[in-house]
């Protein structure tokens with residue numbers, strides 16, 4: 001990550017579309033599964049176990065918006 005020359009703080013890295021991830025087709029990670037289950041429970045929904053990393057990321061984004069945890 002490059003530093004902003006004026007402030008010395010790191011510049012934010014542009015967010016990549018999950019569909020473009022090289023590892024997006026791999027099974028979701030343990031932390032993704034845990035966070036997804038937490039959000040789904042708050043939203044009163046079920047989460048399929050067979051999501052890949054990209055699908056889990058997109059589902060997390062959707063549920064964060066619906067549960068008010070979005071940034």
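A short reminder: the numbers here are calculations on the coordinates, not readings from a lab. Please read these numbers as outputs of a predicted model, since none were measured by experiment. Note that each Cβ is placed from the backbone with ideal geometry, even for glycine, and that neighbours are counted across all protein chains shown.
For the reader, a short list of remarks on this structure follows.
- On full extension, the segment bounded by residue 33 and residue 67 gains 10.6 nm, given 0.36 nm per residue less the C-alpha separation.
- Estimated FRET transfer efficiency (residue 43, residue 6; beta-carbon r; R0 35 Å; 0.05): 0.30
- Whole-number Å³ per residue for the convex hull built on Cα positions in the range 26-67: 50 Å³
- Packing order of peptides 30-37, 43-50, 58-65, highest average first: 58-65, 30-37, 43-50 (average count of other Cβ atoms within 10 Å over each peptide's residues).
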